[in-house]
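Only one structure is covered here, and it is reproduced in the block below.
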Amino acid sequence: MKTETVIITDVGPRDGLQNQPKILTTEERLMLIRAIAEAGVPQIEVGSFVSPRAVPAMAGTDQVFAGLSDQANADVLSLALIPNMKGYQLARDAGAKMVTMVLYASDGMAQKNAAMSMADAEAVTLDIIDCARRDGIAVTATVAVVFECPFDGPTDPAVVEDIVARFVGHADQVVLADTIGAAHPQQVRELTASLVKQHGSDKLGCHFHDTRAMGLANVYAALESGIRRFDSSIAGLGGCPFAPGASGNVSTDDVAMMLAQMGFETGIDLNKLMLASDLAAQLTGTAPGGRAKPWLQRYLLKAA
Ligand code: COA
Ligand code: ZN
């Protein structure tokens, strides 16, 4: 049987670190990114180009990119999250090869996160995609609050379907983000199955938070629909400072372990991933989220 590949993007150095009480130095951020890359994670969201007043932990992401430009890190696909055109220009100037621009399935979240309407964010994203095509930069459009918004309540799936239909032909990837971790697996299965049926799975991805311990179940539901791209965060670090109730992302530790046991290829070395997970906990001083580590350390890795 042919082994199927799943592409994991570790968003810990961005989604994770932006929400920690402790702000890491550039060198600490680089240590974490290098450890995740060393474990074989193919894509890493290494930071964001946002207002440093809004998210102090992400100030200096240009220096992070500079620190990653040496040969040893050439194989890592480093992405940066951006909220607007200014962010795009800063990411381009820093040497990003892929950017994640945020779209919104609710106006409440668009206003709180980017001081825009949903429609403004879509218009800016189309402009950014035009510029990026000329600059040779790939664009992921991540749709925030696809299941529920902390300000506007439950999201109508039809709104998400319309946004995806408008962007799947333009962006290199479209990621469905459960920003506050409000989704349950049945909803995920229904929405992702419908989108995969309409657009195929090549360009679609999912981004889950583990707020209510449903992160892994939601990954599984999306996998069953054919989704093969997932965002997750080393040691389950994460949250969104602008979305009340959001907690850590589903942990890369758990997702990589589940996929490995189910026979999917991710390119990740679980031994080295545990080292990155330990480092994430040590640098941030946060108890790691996710459940895989003790089990992996006790049974699987010993047997290897
Ligand atoms: N990067 C760095 N600085 C930026 C910026 C960007 N992408 N976009 C705007 N700014 C600066 C402006 O230059 C301005 O600086 P000044 O006061 O020194 O002149 C300041 O931020 C305010 O700009 P303004 O356009 O008035 O924006 P705002 O105050 O309405 O804030 C955002 C809008 C989007 C810039 C801000 O809310 C933000 O960066 N949010 C981060 C969102 C985020 O990271 N969310 C988590 C991930 S989903
Ligand atoms: Zn997130």
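The values are calculated or read from the model by the stated rules, or taken from the named source; none is laboratory data. Please read all numbers here as calculations on a predicted model, not as lab measurements. Virtual Cβ from ideal backbone geometry, glycine too; neighbours counted across all protein chains shown. All accessible areas refer to the heavy atoms of the entire protein, side chains included, with ligands and DNA or RNA removed. Shrake-Rupley method; radii C 1.70, N 1.55, O 1.52, S 1.80 Å.
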Of these, GLN89, GLN111, which one is closer than 15 Å to ASP135 by Cα and surrounded by fewer than 20 Cβ atoms within 10 Å (Cβ to Cβ)?
GLN89
Sole residue being open to solvent by 20 Å² or more (accessible area, probe 1.4 Å), within 16 Å of ligand 2 (Cβ to nearest atom), of a type outside the set (A, V, I, L, M, F, W, C) and within 18 Å of GLU4 (Cα to Cα), chosen from ARG212, ARG229
ARG229
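From the list VAL99, VAL64, VAL6, which one is among the β-branched types (Val, Ile, Thr), in contact with an Asp or Glu (Cβ under 8 Å, 6 or more places away or on another chain) and under 28 Å from ASP269 (Cβ atoms)?
Result: VAL6 is the single residue among VAL99, VAL64, VAL6 that is among the β-branched types (Val, Ile, Thr), in contact with an Asp or Glu (Cβ under 8 Å, 6 or more places away or on another chain) and under 28 Å from ASP269 (Cβ atoms).
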The range 278-297 residues that are closer than 25 Å to GLU27 by Cα, paired with ones that are open to solvent by 60 Å² or more (accessible area, probe 1.4 Å) and of a type in the set (Lys, Arg) (beta carbon under 9 Å, 6 or more apart)
LEU283/LYS22; THR284/LYS22; GLY285/LYS22; THR286/LYS22
Show the residue pairs meeting these rules: Cβ distance below 6 Å; 6+ apart or different chains; first residue within the range 210-222 and modelled with pLDDT of 95 or more; second residue of a type in the set (Asp, Glu).
LEU216/ASP254
Inspect all residues belonging to the range 76-83 and state whether any of them is under 20 Å from VAL168 (Cα atoms) and polar (S, T, N, Q).
no
Going by what's in this entry, would VAL145 be described as away from ligand 2 (no atom under 16 Å from the Cβ) and modelled with pLDDT of 95 or more?
no
Matching option when the condition is modelled with pLDDT of 95 or more and more than 12 Å from ligand 2 (Cβ to nearest atom), among ALA177, ALA235, ALA158:
ALA158
Restricting attention to the range 105-119, which residues are among the polar types (S, T, N, Q) and either near ligand 1 (Cβ under 8 Å from one of its atoms) or at positive phi (or both)?
ASN113
Can you find even one residue in the range 219-229 that is out of contact with any helix residue (DSSP H, G or I) (no Cβ under 6 Å at 6 or more places or on another chain), more than 16 Å from ligand 1 (Cβ to nearest atom) and part of a strand (DSSP E or B)?
yes
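Here are ALA141, ALA183: which of them is small (Gly, Ala, Ser), assigned to a strand (DSSP E or B) and open to solvent by less than 10 Å² (accessible area, probe 1.4 Å)?
The unique qualifying residue is ALA141.
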Taking ASP10 as the residue in question, decide whether it is more than 14 Å from ligand 1 (Cβ to nearest atom) and either at pLDDT 95 or above or under 21 Å from ASN249 (Cβ atoms) (or both).
yes
I'm told ALA132 meets every condition in (1) farther than 18 Å from ALA54 by Cβ; (2) open to solvent by 20 Å² or more (accessible area, probe 1.4 Å); (3) of a type in the set (Gly, Ala, Ser) except one. Can you identify the failing condition by its number?
(2)
Name, by its number, the condition in (1) more than 16 Å from ligand 2 (Cβ to nearest atom); (2) touching a Lys or Arg at 6+ places or on another chain (Cβ under 8 Å) that does not hold for MET58.
(1)
